[in-house]
């Protein structure tokens, strides 16, 4: 029996430093992601508000910046109602499942290629991922496959008509779109010849291929554009977002599967939804948009693109200072310039890397994470954009799109990609 | 006890508890949930043996697709709690000797060949997915294709049955 597991012995009973490091990284990632989640709700409300020429949240804190904190507190202090006749175990299990699974999927997402330039106690490298398995993509799909349970069980356990209908709808929807989601990625996997997310990113690096060195051409969004559209559409459906948010169509189903959930249990579904939005955006970036690669070629003449982080942060910080100084409340006039000052200072320090070596190294180091986060941010914006723009699909339209459009198109895409890969491999 | 062995026993216990609970639960949804626990625990065991790909597929196909359909159908039919009935005569007189026989057979094999019946054929520490596919498409290509043919037949059969009901 022990011989069977000998290959794992070294990995599992390694130095305690490794375990401590991993736990710290997990805690840090959870903290960051949950904060980003909170501000994503703020961002979404603000953007949708501006699209509809409204102000959005602006009462709590300057520009409504403390609104997420207020919402969080409200969720904590609201009465936790459990309706009568629910299946208690399953009712409590469902939000836990939803939240745990969506947070767990973050573990395999790599945020940058290079480890931090210093070592943890015991000489452990600090990589910008929690784990980087060879089957990262498959693990993500496994988690997505299990993600249906949170929604389906919540709808069933609530012992109520609307949640049951919402749960049924969403499980049907998620099962249907999972097929298209998986098939649309097969093309990428065929081209990268790997399930590892870092391998897939590195394969898109075309700076060596001689396509004038422009990375954009090597990205799978260029060769797999059909796969990308199928993937992103299916992913929006899989995360139950507009225009595929039928499980929670308020005019028909009140709030769908989470109608009977109150207080923090409702918040758990909410956080789960926003976390899976982040995961899907990261996955889109990694699979189709070169992950952490800059779209610019690695030429000395284009080295100035490395100062793009400061070119964004510095003006933005200065604008926040300017805007803060003429904000209507004294509180805002005090706080906003400080926030803007910090952002501008970071931008200025990165720009100073032009002349100061340690800052230069810092600027070089943040290039990869910067591009990854910028692209993730773009897709998150796209989610909000879609929500502010598109009406909801009808249920039959939804099923038609999933089964009769996305699935056949992605299968054809797989066949063509496989043929091309085979021909290139033979040649 | 080494760390992997501890994990093995935890997963094995989970699988056994899930399997027993699957039979003892009265509500179909609870039974289905227990079965999911068994599937995920099995995936963990595969992972422990270094079969990453099989573990992932176990969760995607069994834990995900198949069990989601189970749960979906139970929800759709709104199946309620089941009544306990007496054991059937067949189970009473046929089941017990069969179960005893199987347990005896397993115990005999294990005591004869040691605790680990046979080490899995892993190519190196963790079998990469590429090697599995190479095996599938070279050595085992005919069984593999036959299996996919069988699945295709099942799909077409399901479609035909569904269509007949409509017309």
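Residues checked against (1) surrounded by 20 or more Cβ atoms within 10 Å (Cβ to Cβ); (2) closer than 24 Å to residue A:83 by Cβ:
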position	(1), (2)
A:142	yes, no
A:145	yes, no
A:164	yes, yes
A:173	yes, no
A:183	yes, no
A:199	no, no
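Condition test on residue B:65, is it out of contact with any strand residue (DSSP E or B) (no Cβ under 7 Å at 6 or more places or on another chain), modelled with pLDDT under 75 and within 14 Å of another protein chain (Cβ to nearest Cβ)? Here the answer is no, as residue B:65 does not meet what is asked.
Contact list please: Cβ distance under 9 Å, first residue in segment A:121-147 and closer than 22 Å to residue A:20 by Cα and within 8 Å of chain B (Cβ to nearest Cβ), second residue modelled with pLDDT of 80 or more and in a loop (DSSP other than H, G, I, E, B), pairs at least six apart or on different chains. Hits for this filter: A:133/A:195; A:133/A:196. Residue-level check: of (1) surrounded by fewer than 19 Cβ atoms within 10 Å (Cβ to Cβ); (2) touching a helix residue (DSSP H, G or I) at 6+ places or on another chain (Cβ under 6 Å); (3) over 17 Å from residue B:12 (Cβ atoms), residue B:53 misses just (1). Listed by first and then second residue, the pairs linking a residue in segment B:6-26 that is in the same structural domain as residue B:48 (by TED's automatic domain parsing) to a residue that is exposed (fewer than 11 other Cβ atoms within 10 Å of the Cβ), with Cβ atoms under 9 Å apart and 6 or more places separating them unless they lie on different chains, are B:9/B:1; B:26/B:83; B:26/B:84. The one condition from (1) under 21 Å from residue A:175 (Cα atoms); (2) facing another protein chain (nearest Cβ under 8 Å); (3) in contact with a helix residue (DSSP H, G or I) (Cβ under 7 Å, 6 or more places away or on another chain) that residue B:5 does not meet is (1). Test residue A:64 against the stated conditions and say whether it is out of contact with any strand residue (DSSP E or B) (no Cβ under 6 Å at 6 or more places or on another chain), away from chain B (no Cβ under 14 Å) and more than 29 Å from residue A:154 (Cβ to Cβ). So residue A:64 passes the test. For residue A:371, are the conditions met, namely being surrounded by 15 or more Cβ atoms within 10 Å (Cβ to Cβ) and at pLDDT 85 or above? Answer is yes for this residue. Of the residues in segment B:85-98, not one is at the interface with chain A (Cβ under 10 Å from one of its Cβ atoms), over 30 Å from residue A:196 (Cα atoms) and surrounded by 12 or more Cβ atoms within 10 Å (Cβ to Cβ).
Part of a helix (DSSP H, G or I), more than 30 Å from residue A:220 (Cα to Cα) and within 21 Å of the chain's Cα centre (by Cα): is that true of residue A:316 in this structure? Criteria not met by residue A:316.
Taking the conditions exactly as written (under 22 Å from residue A:190 (Cβ atoms) and touching a helix residue (DSSP H, G or I) at 6+ places or on another chain (Cβ under 8 Å)), does residue A:362 satisfy them or not?
Answer is no for this residue.
Inspection of segment A:293-315 finds a residue satisfying the criterion of being crowded, with 24+ Cβ neighbours inside 10 Å and at pLDDT 80 or above. Checked against (1) closer than 27 Å to residue A:184 by Cβ; (2) surrounded by 12 or more Cβ atoms within 10 Å (Cβ to Cβ); (3) modelled with pLDDT of 85 or more, residue A:423 passes all but a single condition, namely (2). If we keep just the residues of segment B:24-36 that are more than 11 Å from chain A (Cβ to nearest Cβ) and touching a helix residue (DSSP H, G or I) at 6+ places or on another chain (Cβ under 6 Å), which is surrounded by the most Cβ atoms within 10 Å (Cβ to Cβ)? So, considering only residues that are more than 11 Å from chain A (Cβ to nearest Cβ) and touching a helix residue (DSSP H, G or I) at 6+ places or on another chain (Cβ under 6 Å), the one surrounded by the most Cβ atoms within 10 Å (Cβ to Cβ) is B:35. Taken over segment A:191-205, the criterion of being assigned to a loop (DSSP other than H, G, I, E, B) and touching a residue at least 24 places away in the same chain (Cβ under 8 Å) is satisfied by A:194, A:195, A:196, A:204, A:205.
In the list A:166, A:136, which residue meets the criterion of being touching a helix residue (DSSP H, G or I) at 6+ places or on another chain (Cβ under 8 Å) and modelled with pLDDT under 85?
A:166
Listed here are the residues, each with its yes/no results for (1) surrounded by 17 or more Cβ atoms within 10 Å (Cβ to Cβ); (2) assigned to a loop (DSSP other than H, G, I, E, B); (3) within 27 Å of the chain's Cα centre (by Cα); (4) free of Cβ contacts under 8 Å to residues at least 60 places away in the same chain.
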residue: A:84; (1), (2), (3), (4): no, yes, no, no
residue: A:90; (1), (2), (3), (4): yes, no, no, no
residue: A:95; (1), (2), (3), (4): yes, no, yes, no
residue: A:98; (1), (2), (3), (4): yes, no, yes, no
residue: A:102; (1), (2), (3), (4): yes, no, yes, no
residue: A:106; (1), (2), (3), (4): yes, no, yes, no
residue: A:112; (1), (2), (3), (4): yes, yes, yes, no
residue: A:115; (1), (2), (3), (4): no, yes, yes, yes
residue: A:118; (1), (2), (3), (4): no, yes, no, yes
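The values are calculated or read from the model by the stated rules, or taken from the named source; none is laboratory data. This one's a predicted model, so the numbers in the text were calculated from it and none came from an experiment. Here the Cβ is made from the backbone with ideal geometry for all residues, glycine too, and neighbour counts use every protein chain on show.
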